[in-house]
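As structure tokens, the structure follows; a few thoughts come after it.
Throughout, read-outs are computed from the coordinates displayed, never taken from laboratory work. Note that this is a predicted model, so its numbers are computed, not measured. Note: ideal-geometry Cβ built from the backbone for every residue, glycine included; neighbour counts use all protein chains shown.
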Amino acid sequence: MTFSIIVPVHNGEKYIDDMMDPIIAQLDQDIDLEVLFVENGSTDNSAKICDEYARSYPFIKAFHYGPIGAYSARREGIKNAKGQWLIFVDVDDCITDAALSKIERAIVQNRRNAPALDMVLYNAAYLDDKEKRKFSFPLEEGKIYKGDDKRIFYEIMCKNDSLNALWNKCITRELALSAISVNEQDKLNHGEDLLQTAAFIDKAKEIVYVDEILYYYRRNNEGLTAGYHPDYITHQERAWEAFADYSEKWVGDCFNSYINARKSLTCTIAVINIIYSNVPLSEIKEKLKWLMDQKFYNEFAELDLPAWAPEEDVYVHKLQKASDPYLRLMMSATKRRLKTRIKRILKHGL
């Protein structure tokens, strides 16, 4: 079997059909594949839909776990996969109609000169803007990156998050199994992409870049990604601690300023997740005070953000650095809630 497509599924009932349509459309291209739904603790009809697909198509398998999170779900998918090459798709996204054949072509063509090729990287676009590349990678089309040439990947991993996602990479099953043996005991629901990708990049022998849009990403999917999660900052802290071992091995302390800026952004995202969540204001006060007492927050929250930080994050970061940050942040939370309430009244009436 050539490809195993691993799909973590958690409360994705609205998206499964759209995600599967381009995969099913490629069955007539004589591509050998399997799809592994790794359903983990859904409270909607996702589990039922996954089972229905598995009954309808022999190349689809459905696995069910409790709420183990995307990190562990992908690991379980890797362990159960039978394909030589693994592709990762988030349930609310999708691959392009020609993705599988183009990835297969890249593997066949490049393995002539790179017999140890174990990763294919490709570009992506937003679902609502399919012609514009999401990433501007400083990479050469078709070049085999190995040995010292892999340093460019290490630098990207340290400087920004453009390589973090697993969904724009196709890797060998051998590489995946080797990588997930690292930090096997660490179960993360946040910061997991950084850690998993770092392990893959670290252990990859040869990487090739395909400068084509082969994946469509759903922008700002609040239904699956937004909101306050109590373990966000603690999981992120553990991920950054583990990533420090990789960065030290790769580049020493050359890019610590970039990494620290990204840690500062992590703190700001944690604040945003709290103050703009839908929990009661009394709970926002409690969680914000708790966050601002954390060692990780106090060490990195007021450092400069990355130059590429989103506008909303920059605004909130300024509040964090104000003379009375707790008061300013709570005022912003209250103001946002009031605006939301007024919009709801204007739209639906009392």
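Assorted remarks:
- Relative contact order (%) - criterion: Cα under 8 Å, at least six apart; region: the chain: 16
- Residues of type lysines that K339 reaches as a straight line, Cα spacing below 18 Å, ignoring anything fewer than 8 places off in the same chain: K347
- Helix-derived mean residue ellipticity, 222 nm - over the chain, DSSP H n ≥ 4, -39500 (n - 2.57), to 500: -15000 deg cm²/dmol
- Here the simple spin-label model places points 7 Å from the Cα toward Cβ, and for D21 and R151 these points are separated by 4.6 nm.
- Within the same chain, aspartates and glutamates fewer than 8 places from K48 are excluded, and of the rest, those with a Cα less than 15 Å from its Cα are E13, D17, E39.
- The value of relative contact order for segment 217-350, using C-alpha pairs under 8 Å at least six residues apart, is 26 percent.
- Other residues whose C-beta falls under 12 angstrom from the C-beta of D211 contribute a net charge of 0, scoring Lys and Arg +1 and Asp and Glu -1.
- Restraint check, K134/K169; K134/K159; K134/K203; K263/K318; K132/K318, Cα-Cα greater than 21 Å: K134/K203; K132/K318
- Fully extended contour minus Cα-Cα distance, from V251 to N160, at 0.36 nm per residue: 31.3 nm
- FRET efficiency for the Q294 to K14 pair, using the beta carbon distance and R₀ = 25 Å, is estimated at 0.10.
- Of all aspartates and glutamates in the structure, those lying under 13 Å Cα to Cα from K79, and not within fewer than 8 positions of it along the same chain, are E174, E184.
- FRET E, pair L281, D129, Förster distance 30 Å, beta-carbon r, rounded to 0.05: 0.25
- Most mobile of L127, L194, L214 in a GNM of the chain (Cα contacts under 10 Å): L127
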